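First the structure, in the form of structure tokens, and then the observations on it.
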Amino acid sequence: MILLAACSSASRDEAATTTTMTTTTTEVEAPATLRGAGDEAGVRVGVALPASRLDDADATALAAAEFSALTPENEMKWSVVEAERDVIDFTAADELVAFAEQHDMAVRGHTLVWGQAVGNGMPDWLADLPPDEVRAEVGVFIDEVVGHYRGRVPRWDVVNEPISLAGPVLDDNPISRALGPDWVAWALDRAHAADPDAELWINEHSVESLPDKADALVALVEDLRAAGAPLDGVGLQTHLFSGAPPEPGAIAELVGRLRALDVRVAITELDLPLVDGSTLETQADGFAQVVEECLAAGCEEVTVWGLDDSASWLDAFLGRTDTDPLLFDEDLRPKPAHASVREVLLAAA
Ligand code: G3I
């Protein structure tokens, strides 16, 4: 609750000549939504949405009310935009960008280069091409997508998952092999040329729980900085598969190391499933721990990977239907984790 002293006119029902100013005390409720709380704290609060969700009026109303940023879950991936070689289709991505613009949500473009995910990020057809053709195709794809959204998408996850699965080395995949050891810098340079005003990010998973992998990410950022690559930010996906938050302090330490290298930092794909005995309450505490550490160490955005428990990628990934890893239940009702995240945001305001 915030108390405001306000100066108001008390004369509406009185004679016009008796207008007086009185000082009153007005109680202003703290924002009920994550978006409102995030605005107070100067933090973007984002959600990943698939275009298929835009047909659900309740879901879209909730997303627009609660979140100030939007990440297309799959629609900007190369495997979707150019499933067939030389046939570019922005239809689904355009729908999501238009929705975001309509509701003043900042779009995180996701993602231009994801070499680990043949068929799920990188199109199947690319894996069969010789290296020189792969290199040419990667460049053209970056030009086309970033160019298409120039001025409308303020930040891009240019390279997704640059570090090998468990670390501690750069990933070895068809794109990295074709582009050579400087492949991450190459992709950043290409994206910068396509939209010099866009923020360019790399995005990585499991670094909060694998120290060697975290070291590899920090080393990559140091290398990119030393090479003068146009890197603006680092996204920590933060899929907490185990159903528990990382060791206390792990997020704060990693965010601090990255911020010391003068890059922006965000949590970009947060979810925390109900597995291994976790409850709605431990889930709420886990979300709060992660968000609190991140904000205290200088994160500027927290994005959750999905709107509600009816539609999470984790169900398929973990082979069950009840992972319930998000902030709203399957009937779109806020869960305890919604309240705990909101409290952390308000405390940071
Ligand atoms: O759209 C087709 C549908 O037509 C088909 O019938 C069905 C049968 O399998 O597949 C559907 O495509 C699926 C797609 O999601 C849309 O639902 C793909 O199989 C499935 O692999 C794909 O998974 C996505 C995954 O990335 C791979 O691209 C998840 O939705 C998405 O949440 C996930 O997101 C990634 C981030 O981009 C990067 N970080 C990790 C995160 C989780 O894997």
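The table that follows gives values for the structure above.
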quantity: Contact order relative to length of the chain, as percent, for alpha carbon pairs under 8 angstrom and 6 or more apart; calculated: 15
quantity: Relative contact order (percent, whole number), the range 109-251, Cα cutoff 8 Å, 6+ residue spacing; calculated: 25
quantity: q = 0.31 Å⁻¹: log10 I(q)/I(0) that the Debye formula gives for the range 42-96, counting C-alpha atoms only; calculated: -1.21
quantity: For the chain, size of Cβ-based charge dipole, Lys and Arg +1, Asp and Glu -1, in debye; calculated: 740
quantity: Highest-fluctuation residue, ASP262, ASP56, ASP329 considered, GNM on the chain with Cα pairs under 10 Å; calculated: ASP56
quantity: Acute angle (nearest 10 degrees) that the helix 131-148 long axis makes with the longest principal axis of the chain, alpha-carbon atoms; calculated: 20
quantity: Over the chain, volume per residue of the alpha carbon convex hull, in Å³; calculated: 165
quantity: Spin-label model distance (nm) - VAL118 vs ALA83, 7 Å beyond Cα toward Cβ; calculated: 2.0
quantity: Gain upon complete extension [ALA98, SER52; 0.36 nm per residue less C-alpha separation]; calculated: 15.2 nm
quantity: Spatial separation of Cα centroids for the range 234-300 and the range 159-190, in angstrom; calculated: 24
quantity: Estimated translational D of the range 45-144 in µm²/s (Stokes, Kirkwood radius over Cα pairs; 25 °C; 0.890 mPa s); calculated: 171
quantity: Two-site label geometry, LEU346 and GLU40: point separation in nm, points 7 Å out along Cα→Cβ; calculated: 0.6
quantity: Spread of Cα-to-Cα distances over 10 Å intervals beginning at zero, given as percent, for the range 214-349; calculated: 12, 42, 30, 14, 2
quantity: Given 14 as the ceiling on other Cβ atoms within 10 Å, longest exposed-site-free region of the chain for trypsin sites (Lys or Arg not before Pro) in DSSP loops; calculated: 151-319
quantity: Computed over the range 235-349: relative contact order in percent, which uses C-alpha pairs under 8 Å that are six or more apart; calculated: 28
quantity: Descending principal axes extents, the range 169-224, alpha-carbon based, whole Å; calculated: 34, 25, 17
quantity: Extension gain (nm, one decimal) between VAL263 and LEU165, 0.36 nm per residue minus Cα-Cα; calculated: 33.0 nm
quantity: Structure-based [θ]222 nm, the chain - -39500 (n - 2.57) summed over DSSP H runs of at least 4, per residue, nearest 500; calculated: -11500 deg cm²/dmol
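No value in this document is a laboratory result; all are computed from the given coordinates. Given the structure is predicted, the values throughout are model-derived calculations rather than measurements. Note that each Cβ is placed from the backbone with ideal geometry, even for glycine, and that neighbours are counted across all protein chains shown.
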